[in-house]
Amino acid sequence: MRASFRRDLLAALLAVPMVLQGGAGFALDQVRFGKAVPNSFAFGAAEVGIQAKIFEQEGIDLQVLSFQGDARIQQALTADGLDVAVGSGPGLGFRAKGVPAIGVAAMYGPPSNLCLTVLANSPIKTVADLKSKHIGVTTAGSLTDWLTRELSRQQGWGSDGIKIEALGSAQARLAAMSRGELDGLVIESATGFELEEQGKGRNILLFGDIAKHFYTHVIFAADRMIDKRPEVLKRFLRGWFKTVAFMRANKDFTVKSESKTVDVRESVVAKIYDTQIDSFSSDGAWDPVAIDAIRHSLKELGILDAVPEAKTIYNDKFVPVKF
């Protein structure tokens, strides 16, 4: 009788769903996650966390969706198409425009993921050679635009000491540079490193060297996620920053994963890793100096007519994340 009881008890225990770290059972909580661009090393932390099963351990089924720019991300958040998203620091300004989403965690600090690249045979050797040169950026009022103007200001040339040409996609700017219509361009460092490996380009600087206190990327959450699923949001954030810690401790795994996401060779991703990994926030805590830089950039970029109050563009209730 006792043996039969033990068998029945064991069967009952096996029938109970196992509890995952973070408190969720087999039925994971789905989180719709948006990336402002598809092939960013910084945003590729999502895929690293999925492949390392870190989000699963937090009871999160992360559904990754990619977009083309901050505006599309904010539209999706407004239309209830996303729960959380990663986008640019200046994207915090959309909150002041009425978007029902807000920055909930700092994600990536100085813009070491952007570089200024010239042709390999260019006479431009240093930043000092850039005065009055024509540099290609994505769009007027973009982060690439602001960083180029900031570089010019820091050199003492004023905001227009470097001639800025807004030409859209990386392919369009590369083509213009090859035709001699541009002297250089601001581009993702992944492309810059690849051009160097191919002997076609040369990186003059990484913008993380000139904007020490800045948020290149932040994590946004929809108001409804904050109001109705705060515990799920906390588990997502814990999974994200556990992933960052994992990436720092596991370069080889990270490089292999990110190579597929960024779609470049592992040798290039290894260089990206070395220059970018320190820019990731370890706990999401906000730096008031960086927030102040973002606030003023919003007016300079024309995103807002006036510098907004700090607390209107970010939420500090979920950070720092501890685990």
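The values are calculated or read from the model by the stated rules, or taken from the named source; none is laboratory data. Remember, it's a predicted structure, so these values are computed and weren't measured experimentally. Neighbour counts are summed over all protein chains in view; Cβ atoms, including those assigned to glycine, are modelled from backbone coordinates with ideal geometry. Each accessible area value is taken on the protein alone, full model and side chains, heavy atoms only, with ligands, DNA and RNA left out. Shrake-Rupley method; radii C 1.70, N 1.55, O 1.52, S 1.80 Å.
Side notes on the structure shown:
- Where 65, 195 fall by accessible area, highest first, once all protein chains stay in place (1.4 Å): 65, 195
- For region 243-323, the calculated P(r) over all alpha carbon pairs, in 5 Å bins from 0 to the bin holding the longest distance, is 3, 13, 17, 14, 12, 14, 16, 9, 2, 0 percent.
- Exposure of residue 296 as accessible area (Å², to 10), given a probe of 1.4 Å and all protein chains: 80 Å²
- Low-density loop cleavage sites - trypsin sites (Lys or Arg not before Pro) in region 159-220, where at most 15 other Cβ are within 10 Å (DSSP): 179, 200, 212
- Sum of -39500 (n - 2.57) over DSSP H runs of 4+, divided by residues of the chain (222 nm, nearest 500): -11500 deg cm²/dmol
- Stretchable slack from residue 205 to residue 256, in nm (0.36 nm times residue separation minus alpha-carbon distance): 15.8 nm
- The value for region 70-146 of Rg(Cα) / (2.2 N^0.38 Å) is 1.47.
- Where GluC sites (Glu not before Pro) fall in DSSP loop in region 261-309, at most 10 other Cβ within 10 Å: 309
- Region 202-221-region 110-145 distance, computed between alpha-carbon centres (Å): 14 Å
- In a reduced charge model with +1 at each Lys and Arg Cβ and -1 at each Asp and Glu Cβ, region 268-323 shows a dipole moment near 140 debye about its Cα centre.
- In units of the rule-of-thumb radius 2.2 N^0.38 Å, region 180-323 shows an alpha carbon radius of gyration of 1.24.
- Among 269, 244, 37, residue whose mean-square fluctuation peaks in a GNM of the chain (springs only between Cα atoms under 10 Å): 37
- Under a 5 Å amide H cut-off, with hydrogens placed 1.01 Å from N, residue 69 pairs with 37 among residues at least 5 apart or on other chains.
- Exceeding the 18 Å Cα-Cα cut-off - candidates 97/234; 212/322; 242/322; 131/271: 97/234; 212/322; 131/271
- Using a probe of 1.4 Å on the protein chains alone, the accessible area found for residue 78 is around 80 Å².
- Only beta bridges with both residues in the chain are counted; by DSSP, about 55 percent of them are antiparallel.
- Computed with every protein chain present, the accessible area of residue 50 is close to 70 Å² [probe 1.4 Å].
- One quarter of the convex hull surface built on the alpha carbon atoms of the chain amounts to 18.6 nm², the projected area averaged over directions.
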